[in-house]
Each structure stands twice: as structure tokens, then as C-alpha cells.
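Working notes, structure below.
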Amino acid sequence: MIKLLARLFIHSDDINSPETRKKYGILCGGCGIALNILLFALKLFVGTITASVAVTADAFNNISDAGSSVVTMVGFRLAGKKPDPEHPFGHGRIEYISGLIVAMLIFVMGFELIGSSVGAILSPEPTELNLISVIILAVSVVIKLYMFIYNRAIGKKIGSAAMTATASDSIGDAAATLAVLVSLAVSHFSGWLIDGYIGLAVALFILFAGYRAAKETIELLLGTRPDRELVAELEKTVLSYHPITGVHDLILHDYGPGRQFLSLHAEVPMEEDILFVHDVVDNIEIEIFKRFGIETVIHTDPIDTRDPRLNKIKAIVSARLSELGGCMRAHDFRIVPGPTHTNVVFDIVVPLDCKTDPEAIKLALSVAVSAESPEYRCVIRVDREYA
């Protein structure tokens, strides 16, 4: 159904377009509201005729899900707003905030279900089971599984944390309804009053789903390391252009889905014509935007590739870094002669999870370079790796 509606109402498949993302969000949110209101009415009816606190709580869980779908729709609509003077990078992060609100609503429902379940454990009452209840609850499980499938699929397609959170909620609801159905069957055939215990288990499952959804959206709001495959593709694209020989200081800023900004340093031989290099860099920036939808700014670093002393120093530093381990790299080498000594200036990239003290790394490199010639004195700057 979702695919059919998408073909009818969404005429673009450009997932980097804020307008396309907004339409997907509104479509899925609208379907979520309609299906959850239907499930609320059906389960409330079943909860009334079976006298089951777990079924009634599950029904109100669905009405809260309808509210979550409203939040998702509003979030996508606001996230699709064009940049303005106060928000030049757009409003894309509102989508992350809406995902966090959905996670909070999941928490609220989970805690409310814990309260009603504890009450049912302390004061258990018999429940009833009939064919209509079984059919309605089974259909509810199928509908929630369908909602999980389409929310997860579209969430992955457009890279939406809010839809991923909604998908997590849907699979939790399916498990909750299935557990309620099992509790009704057990109570009916064995006489064991386990309605409250099943409700408590369902509540804990819902809280775990809320935790996972909140964790994902909070990480996106705080800022996470960009996808390694994306970084590798970006570096490969840059290095495919002559005369680029190296890439470093790559930083990807995320202002919401489809609103990413990239900055990096590209190494080029110092003898290359500056106008030619400028034209190459322009072409790289254009290709990255066309392929990845990322606005890019490239800083060029002129590299001396003809000085044998510098090449020897590079080899020494590279070998010493390999011995130290930790995927460290060096760049921006230059030699600055002086009357009493020669400064060897370069940067090293130290991963954030590196356990070795940066000062110890600098000392080890200085000793290795000085062993080549006593006149060399290292001036080393430590870069942190952001990608």
C-alpha cells in the first residue's frame, strides 16, 4: 500500500531533497495515524469484553503511537522548511528532535503500562477469551508487523532516525500484542492469572525499544563519526583527480538528513599551476555535490615532492608511526632552514581512541628524525581524527 501511495503522491526519488523527504514523512505519518486509531478502537473493544488490563493498556499504547505519528509528520514538515537568515543551514535537525520525542513517548507508555501491570499482579482478576478477541488481536499483530516493515524500509531509504524510532516502536507493539494474546490463552486454558505479569514483561520490552530509539537520536544530535564507507568513497573521489596526491583533515558536518557540509585538505605538488589546481578543485566539489548531495570546501596544500631530504624524512616518520601502531598518519611536511638548526615541520593525525600519549609520540618521532641529522629539530602539531 505504501509503495502505491508513494508512486501516486511522491513524484521524485531524490532522497537528498528536503521536499521529497517531507512527503515521505507525511505519507508514513498519515498512515500511522489511521492504522493506530483503528487498532486502538479494536483493542479497546477486546479489552472491554475480556476484562484484560494488558489488552486495554495495549490499546492506549496504540493511541499514543498515533500521537507519535503526528509528531513525526510535524517534524518532517518543519525539517523541510527552507533556510532563513536565523538558520542558514536549514531546519533538518528538527527531524532528529522529533525522533527523540517519539522515543520519550515510548518511555511514558512503558512506565504507565508498568503501573497498570503491577496493579493487576497485586489484585489479579480472571479474563475471558473468545474467537472475536483472538481474531482481532492476531490482525493487530499483522498490522503492526506491516507498519514495522514499511517504516524500517523507508527509514533506511531516506536515512531517517525518526522513522527508525517509529519502526522500533512498531515491532515492540507487535510483540506486546502477541504476548497479551498468549496470556489470554494461558489464563483461559489453565486458570493461571498471569495477565499482570505479561503486561509487566511487555512494558519492559517497550522501555528497551524506547531506550534504543532515544540512544540513536541523541547520538545524531550530539554528532557522530561519519560512515566509514562514505568517507572512503569521498577520499577515493578526490584522489581520482590529477594532480591530487593526498587527503587529510576531512571533516563532515551534519545539519540534518540531506544537509551535510564537507571540508578537507587536498595535497598537490607545489610546482603545479595554481589556476589549474583551482579548476580541478572546483570540479571535485561539483562532483561530490552531484553524487552525494554534500556541499564541499577544499583547501589545497602545496607539497614539495622533489626534495630528497624531505622525502627521506617522510619515510622515517612513516616507518616510526607504523611501529607505534594505532593507524597514525603524518602530512604537511616542510623544511625551514636556520643559522643554527633546521626545523622539520609536520602534522600527525592521532585517532581519538589512541591510548599512547601524544607527547610521547612527538618525542619518539623527534628522536627518529634527529638520528638522521643532528641539525633537525621537529615542530609537530597533533591533529585529531574526525572521520
Checklist outcome for this item: For segment 332-384 the number of residues that are surrounded by fewer than 13 Cβ atoms within 10 Å (Cβ to Cβ), within 23 Å of P269 (Cβ to Cβ) and touching a Lys or Arg at 6+ places or on another chain (Cβ under 8 Å) is 0
Item to check | Candidate set: segment 18-60, residues that are under 15 Å from S183 (Cβ atoms) and not aliphatic (A, V, I, L, M); chosen: the one most open to solvent (accessible area, probe 1.4 Å) | outcome: T56
Checklist outcome for this item: L264 passes all but one of the listed conditions (1) in contact (Cβ under 8 Å) with a residue 24 or more places away in the chain; (2) assigned to a helix (DSSP H, G or I); (3) open to solvent by less than 50 Å² (accessible area, probe 1.4 Å); the exception is number (2)
Item to check | Residue in segment 215-224 that is modelled with pLDDT of 80 or more, within 26 Å of R77 (Cα to Cα) and not in a helix (DSSP H, G or I) present | outcome: yes
Checklist entry - Quick check, is A214 touching a Leu at 6+ places or on another chain (Cβ under 7 Å) and either buried (at least 17 other Cβ atoms within 10 Å of the Cβ) or touching a residue at least 24 places away in the same chain (Cβ under 8 Å) (or both)? => result yes
Checklist entry - Does G75 qualify as being open to solvent by less than 30 Å² (accessible area, probe 1.4 Å) and farther than 16 Å from V102 by Cβ? => result no
Item to check | Of the criteria (1) at pLDDT 90 or above; (2) out of contact with any Asp or Glu (no Cβ under 8 Å at 6 or more places or on another chain), which one F346 fails | outcome: (2)
Checklist entry - From the list R306, R329, which residue is of a type in the set (K, R), touching a residue at least 60 places away in the same chain (Cβ under 8 Å), open to solvent by 20 Å² or more (accessible area, probe 1.4 Å) and at negative phi? => result R329
Checklist outcome for this item: Subset of segment 186-206, residues open to solvent by 30 Å² or more (accessible area, probe 1.4 Å) and either of a type in the set (V, I, T) or part of a helix (DSSP H, G or I) (or both), comes to V186, H188, F189, S190, I194, Y197, I198, L200, A201, L204, F205
Checklist entry - For the subset of segment 269-287 comprising residues that are modelled with pLDDT under 95 and open to solvent by less than 60 Å² (accessible area, probe 1.4 Å), which member is farthest from E216 (Cα to Cα)? => result E272
Checklist entry - Which of the residues spanning segment 281-316 are over 20 Å from F346 (Cα atoms) and either in a strand (DSSP E or B) or over 32 Å from the mean Cα position of the chain (by Cα) (or both)? => result I294, E295, T296, V297
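The values are calculated or read from the model by the stated rules, or taken from the named source; none is laboratory data. Owing to the predicted nature of the structure, the values given are computational and were not obtained by experimental measurement. Note that we place each Cβ from the backbone using ideal geometry, even for glycine, and neighbour counts take in every protein chain shown. When the accessible area is computed, the model is the full protein with side chains, heavy atoms only, and any ligands, DNA or RNA have been set aside. Shrake-Rupley method; radii C 1.70, N 1.55, O 1.52, S 1.80 Å.
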